[in-house]
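Structure first, then comments.
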Amino acid sequence: YHITTQKGSGFMPAYKDTKKGTWYAKFRYTDWQGNRKETTKRGFATKREAKEYEEEYKRKAQGTSDMTLESLWEIYAEDRKQHIKESSLYSFTHTVTKHILPTLGKLPLSSITPNVIRKWQNQLTGINPSTTLTVNRRLSALLNFAVKYYGLARNPMKVTGTKGKMKKQIEFWSKEEFETFISYVKNPLYKSIFLLLFYSGMRIGEALALNIDDIDFTTCTVTI
């Protein structure tokens with residue numbers, strides 16, 4: 001392995017794997033408990049990428065407001081695993097990775113100003129108002145987490161507010177509408193699920209989580 005350094009730069013050395021032609025970062029850092037540790041990450045196409053990874057890794061490990069929103073999200077998701085259902089985390093992850101990180105992920109937390117938030121909000125096009133509101137609320141939750149635990153001075157969305165609105169009402173099928181729909185469902189498994197959902201009022205997640213022990217064929221009851 002060939003080691004290259006940049007004298008006088010204040011940076012740790014970056015390393016090149018001469019066999020593979022790629023760069024890697026190998027460095028020591030101090031974690032949030034004050035412990036000194038060492039880590040290695042390989043496979044970077046350029047020296048600059050290796051250095052950027054090292055710098056961001058250290059910011060994330062020390063938990064400062066200079067880390068990127070993407071790093072904050074990784075910390076937040078790991079924390080949320082202990083407190084919410086897997087399905088809820090999946091939904092949150094989908095929203096963040098699709099609507100938030102592509103635009104704001106690489107920005108340091110301290111540089112996400114109300115002006116940046118406003119521009120991001122104006123780019124949220126092609127989704128309905130209720131989804132827009134959900135996306136806004138989830139970004140605000142991330143930033144509140146940063147304020148509470150990682151030294152962010154304030155949540156910029158306290159200035160901009162959230163964009164979008166919830167649906168005023170939920171539309172339900174009448175019995176006649178449902179009977180028209182179910183007459184076209186030929187698959188017996190799907191037909192059973194749709195009938196169960198319509199006549200019980202249970203949620204789709206509740207129905208899919210049922211197992212044989214939840215069904216009493218003697219009393220004709222289902223335990224959710």
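The values are calculated or read from the model by the stated rules, or taken from the named source; none is laboratory data. Bear in mind that the values here come from a model prediction, so they are computed numbers and not experimental data. Using ideal geometry, Cβ is built from the backbone for each residue, glycine included, and neighbour counts are taken over all protein chains shown. We work out accessible area using only protein heavy atoms, side chains counted, and drop any ligands, DNA or RNA first. Shrake-Rupley method; radii C 1.70, N 1.55, O 1.52, S 1.80 Å.
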Can you list residues whose amide H is under 5 Å from residue 27's amide H, if they're 5+ apart or on another chain and H is modeled 1.01 Å from N? 39
Lysines within cross-link reach of residue 16: Cα-Cα under 22 Å, excluding same-chain residues under 8 positions apart? 7, 26, 37, 41, 47, 51, 58
Find the all-direction average of the projected area of the Cα convex hull for the chain, expressing the result in square nanometres with one decimal place. 20.3
How many percent of the accessible area of region 101-224 is carbon or sulfur, using a 1.4 Å probe? 57
How large is ³J(HN,Hα) for each residue in region 112-126, as worked out from phi by the Karplus curve 6.51 cos²θ - 1.76 cosθ + 1.60 (θ = phi - 60°), to whole Hz, x for Gly and Pro? 8, 8, x, 5, 5, 4, 4, 5, 5, 4, 5, 8, 7, 10, x
Looking at the chain as a GNM with Cα springs under 10 Å, which of 179, 55, 171 has the largest mean-square fluctuation? 179
Using Cα springs under 10 Å in a Gaussian network model of the chain, which residue among 175, 81, 98 shows the largest mean-square fluctuation? 175
Give me the angle, in degrees from 0 to 90, between the Cα long axis of helix 69-80 and the longest principal axis of the Cα atoms of the chain, rounded to the nearest 10. 50
On average, how much accessible surface per residue is there in region 55-186, in Å², for a 1.4 Å probe, leaving out ligands, DNA and RNA? 63
Eligible aspartates and glutamates near residue 85 by straight Cα distance, threshold 18 Å, same-chain separation 8 or greater: 74, 206
Point-to-point label distance, residue 165-residue 209, nm (Cα→Cβ direction, 7 Å offset): 3.3
Gain in length, residue 91 to residue 125, computed as 0.36 nm per residue apart minus the alpha-carbon separation, to one decimal in nm? 10.3 nm
Cα-projected label distance for residue 141 with residue 186, points at 7 Å along beta-carbon direction, nm: 4.2
